[in-house]
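The values are calculated or read from the model by the stated rules, or taken from the named source; none is laboratory data. The structure presented is a predicted model; accordingly, all values stated were derived computationally and were not measured. Cβ atoms come from the backbone with ideal geometry, glycine included; neighbour counts cover every protein chain shown. Just so you know, the surface numbers come from the protein's heavy atoms only, side chains and all, with ligands and any DNA or RNA stripped out. Shrake-Rupley method; radii C 1.70, N 1.55, O 1.52, S 1.80 Å.
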Amino acid sequence: GGTMKRRAGEREKELKKKKLLEELGESRLPYLTPADADFHQLWKSKYSKLIFRKSDTVPEELRQMVQESFLTLREHNCFFQDLVRIKGKDFLTPVSRILIGNPGCTYKYLNTRLFTLPWPTEGYDIKYCSPQIHDACKALMRLNDYLHIEAVKALRGQNLFETKEIKDTTVMDREQSLGTSLTEQGSVSKDQSSVCVPEDDGSLKNRTSYNLTLLNYMDPLQMLYLKQEPYFGMGSMAVSWHHDENLVERSTVAVYNYSCEDSAIHESHEQELKGRDPAVWHVGLKVAWDIETPGLALPLHQGDIYLMLDDLNMTHQHCVLAGLSPRFSSTHRVADCSRGTLEYILGQCELALQNLQTDSDSMALSLKSLEAAVVKQVEEIHNEVEFEWLRQFWFQGKRYLKCTDWWLKPMAKLEEFWRKLEIMTSLVLSEVRKEQQIEEQRHETISCFLLLLKERQKLRKEWTAR
């Protein structure tokens with residue numbers, strides 16, 4: 001209910017914003033880059049929960065490992081464009097992706113569920129298609145651990161300033177202005193390594209313990225068309241304005257950038273036009289549903305990192321502005337896996353099958369209960385298994401087999417459960433046809449059962465059409 005209200009509120013704000021933009025006519029909203037005098041002040045006042053780290057703050061060995069892992073995954077054709085659903089229509093993403101993370105985890109965005117290529121995790125038997133893919137996953141797991149530590153430091157630093165009530169000072173102050181110096185970023189990490197806020201440690205850990213990373217790859221020169229940024233005139237977008245979905249509330253998002261720059265693509269040349277350098281990749285930020293605060297365009301170079309702390313992902317929106325060179329990124333998230341892990345869905349199946357019994361003599365199957373609430377729960381799980389898991393997985397073809405066969409056994413197990421759930425649906429149908437049922441109970445069971453059957457039929461037609 002709360003989610004639906006929030007989305008309705010966001011839609012209303014979006015319509016208001018569009019109306020205001022129409023009134024502005026051809027004029028664009030202002031945005032700042034590091035070349036602008038007020039850039040740092042704007043960052044400090046409106047974007048203080050965005051933390052930036054230059055590449056030279058990251059250990060060189062780790063940088064090298066991560067760079068090699070990106071290139072390995074590309075060589076093995078492990079990046080895929082996703083078919084996502086927006087406002088009832090299907091679109092192929094311009095960016096190619098792969099999800100890597102904890103075994104059995106999934107991540108859902110724009111009605112598409114991605115399944116992790118599991119990174120090497122103790123206690124799990126994971127067979128990779130090549131030693132190089134194993135090494136790539138291991139490197140990204142190491143990057144994940146590193147970014148977790150960096151995020152905890154950044155949040156502790158922010159909390160320390162907040163408790164001292166220095167409202168006009170942010171973590172960015174101690175890292176110096178991006179506009180004046182990008183070379184000394186990261187010193188705050190050393191300063192804050194001994195800072196401790198014990199009462200908040202549990203919360204910090206929960207909001208920074210990344211369980212997966214969504215890797216992105218795009219070569220803009222291979223794209224026939226890229227959408228133009230509509231509000232500020234920032235140029236070509238690889239990823240449109242959005243909030244990241246399906247995350248634990250107020251969790252940090254950490255992004256490692258690797259753009260394959262060469263000597264021809266650099267910011268050293270004089271800019272003839274005001275605004276961001278179109279040859280260089282940028283992350284764009286704006287305050288959500290706000291047409292007064294200028295946006296930010298932050299340049300991203302090989303090995304740079306940025307962190308979106310606390311509630312920044314909800315209060316602000318971000319986009320990715322394409323440069324000229326191919327670019328990889330590793331976006332580490334604390335995905336809300338309350339309904340998105342293999343363990344969860346297998347547990348749901350076990351719960352549903354508690355209503356199925358086998359006669360010890362005839363081996364005939366029957367239902368223990370025909371109560372409306374029980375039938376409703378089982379049929380909801382039936383739909384969840386079919387449409388949130390089996391169809392989502394096989395709709396993406398055999399892409400995962402390029403990396404590992406880890407998901408095949410779990411999917412086979414889910415298919416076995418689904419067949420039993422189909423039998424349970426048939427048993428409900430045959431039972432409600434019998435006259436000896438109490439009329440009121442029978443009517444209640446049929447009503448909720450039919451609603452879920454109609455939903456299943458509608459979804460099957462949709463998936464068939466896709």
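Once both labels are modelled 7 Å past Cα along the beta-carbon direction, what's the L459-I423 spacing in nm?
About 2.2 nm separates the two model spin labels.
Provide the descending list of Cα extents for region 251-373 along its principal axes, expressed in whole angstroms.
So the three principal-axis extents are 86, 36, 20 Å.
Farthest toward the dipole's positive end in region 342-465, which of F417, H443, L459, given Cβ charges of +1 (Lys, Arg) and -1 (Asp, Glu) about the Cα centre?
The one lying farthest along the dipole's positive direction is L459.
What spacing in nm lies between the two simple spin-label points modelled at I86 and K413, each 7 Å away from Cα in the Cβ direction?
Taking the simple label geometry, I86 and K413 are separated by 3.7 nm.
If you place +1 on the Cβ of every Lys and Arg, -1 on the Cβ of every Asp and Glu, and leave all else neutral, what size is the dipole of region 61-145 about its Cα centre, to the nearest 20 Debye?
Magnitude of the dipole: close to 520 debye.
Could you tell me the accessible area of M218 in Å² (1.4 Å probe, neighbours in place), rounded to the nearest ten?
M218 exposes around 10 Å² with every protein chain in place.
Suppose every K and R has +1 on its Cβ and every D and E has -1 on its Cβ; what is the size of the dipole of region 342-465 about the Cα centre, in Debye to the nearest 20?
Charge dipole, region 342-465, about its Cα centre: 700 debye, nearest 20.
For region 342-465, what Kirkwood radius comes out of the mean inverse Cα-Cα distance, in Å?
Radius from the Kirkwood sum: 15.8 Å.
How much accessible surface does S236 have with a 1.4 Å probe, in Å² rounded to 10?
In the full protein context, S236 sits at about 40 Å².
Taking all protein chains together and a probe of 1.4 Å, list W394, W407 from the most accessible to the least accessible.
Result of the area sort, largest leading: W394, W407.
For region 289-357, with only Lys/Arg (+1) and Asp/Glu (-1) charged at the beta-carbon, what is the dipole magnitude about the Cα centre, in debye rounded to 20?
Around 300 debye, computed over region 289-357.
Any chance you could check the Cα centroid distance between region 67-123 and region 348-396 for me, in angstrom?
Here the answer is 29 Å between Cα centres.
Given the whole protein assembly as supplied and a 1.4 Å probe, what does the accessible area of D145 come to in Å², nearest 10?
90 Å²
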